[in-house]
1. Within region 1-52, track down each residue that is assigned to a helix (DSSP H, G or I), among the hydroxyl-bearing types (Ser, Thr, Tyr) and farther than 13 Å from Leu63 by Cβ.
2. Taking the condition of being within 11 Å of the chain's Cα centre (by Cα), of a type in the set (Val, Ile, Thr) and open to solvent by 90 Å² or more (accessible area, probe 1.4 Å), how many residues in region 1-59 meet it?
Amino acid sequence: MAVLVRLDEVLLARRMTLTELAQAVDITLANLSILKTGKARAIRFTTLDAICRVLECQPGDILIHAETAEENDTDD
């Protein structure tokens, strides 16, 4: 299983740029970009809370749990 980040979709729905979100949440654009691209290994609850407050959404709107293609492949 993998946790996927859907920040792009939520930003698009809110008509907000990544730069605007970074300023509103007070996080660097570089760190927010790492999260957006799915390269982040962790996120602080305080950061997730701030993002959800600004975007008026739930954590589940941003983060989803999905199966990866590798886990669907079986060698039996």
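The values are calculated or read from the model by the stated rules, or taken from the named source; none is laboratory data. Model, not experiment: these values are computed from the prediction. All Cβ positions, glycine included, derive from the backbone under ideal geometry; neighbour counts span all protein chains shown. Just the protein is used for accessible areas: all its heavy atoms, side chains included, with ligands, DNA and RNA removed. Shrake-Rupley method; radii C 1.70, N 1.55, O 1.52, S 1.80 Å.
1. Thr19, Ser33, Thr46
2. Residues meeting the conditions: 1.
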